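Input: a single structure, listed below in structure tokens.
The values are calculated or read from the model by the stated rules, or taken from the named source; none is laboratory data. All values reported here derive from a predicted model rather than from experimental measurement. Ideal geometry is used to build each Cβ from the backbone, glycine not excepted, and the neighbour counts take in all protein chains shown. Please note that ligands, DNA and RNA were not included when accessible areas were found on the heavy atoms of the full protein model with its side chains. Shrake-Rupley method; radii C 1.70, N 1.55, O 1.52, S 1.80 Å.
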Amino acid sequence: MLQKQKITPCLWFNANAEEAVNFYTTVFKNSKINQVSYYGDSGSKISGLGKGKVLAMTFEIDGQSFTALNGGVDIPYTPAISFLVNCDGQEEIDYYWQRLSEDGTTEKCGWLKDRFGISWQVVPSELGDLMTKSNNKEKVMQEMLKMKKLDIAVLKKAGE
């Protein structure tokens with residue numbers, strides 16, 4: 001029997017969970033939609049979304065399970081919760097930065113908010129080492145604070 005993930009992030013959407021899940025599963029390779037449930041009579045009265053509309057979806061991104069829920073009420077996200085995307089190389093950073101920021105907003109230090117309001121951190125996998133083990137940790141931080149999309153080459157040079 002397969003062990004279920006102990007903790008699963010649940011993303012609340014007003015009414016566009018299906019659009020968001022379809023977007024995320026195209027952005028991230030090795031992703032899939034596992035289940036879709038729909039509102040019946042009872043739930044549709046509470047949510048106001050109508051019978052037959054998507055209630056919830058379970059999906060995976062690189063083995064990480066998520067649930068997306070159409071709650072029928074607009075509750076905004078904050079950057080207090082974000083998803084960190086560890087990238088192997090500048091090409092991967094560029095790809096995820098471009099895809100996730102489409103119709104969203106970009107912030108400093110590798111942060112962005114996608115068009116659904118979810119915050120993401122798109123960072124090089126070696127960022128932790130650059131920030132803790134490099135000869136010039138402070139210079140790495142100073143360079144990172146100047147950037148929106150992170151540039152690995154600049155960060156590595158700063159750490160020398």
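For this structure, a couple of remarks:
- Residue within the stretch 30-51 that is on the phi > 0 side of the Ramachandran plot, open to solvent by 60 Å² or more (accessible area, probe 1.4 Å) and small (Gly, Ala, Ser) present: yes
- Listed by position, the helices (runs of 4 or more DSSP H) contained in the stretch 15-102 that have at least 1 residues being at pLDDT 95 or above and within 15 Å of Phe116 (Cα to Cα) are 17-27, 90-101.
Residue-by-condition table, conditions (1) touching a residue at least 24 places away in the same chain (Cβ under 8 Å); (2) among the charged types (D, E, K, R); (3) more than 24 Å from Asn30 (Cβ to Cβ):
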site: Gly71; (1), (2), (3): yes, no, yes
site: Cys87; (1), (2), (3): yes, no, no
site: Gln90; (1), (2), (3): yes, no, no
site: Glu126; (1), (2), (3): yes, yes, no
site: Ser134; (1), (2), (3): yes, no, yes
site: Glu138; (1), (2), (3): no, yes, yes
site: Met147; (1), (2), (3): yes, no, yes
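- Scanning the stretch 130-147 for residues being surrounded by 14 or more Cβ atoms within 10 Å (Cβ to Cβ) and either charged (D, E, K, R) or in a loop (DSSP other than H, G, I, E, B) (or both) gives a total of 5.
- Residue in the stretch 77-95 that is more than 23 Å from Pro9 (Cα to Cα) and either basic (Lys, Arg) or open to solvent by 80 Å² or more (accessible area, probe 1.4 Å) (or both) present: yes
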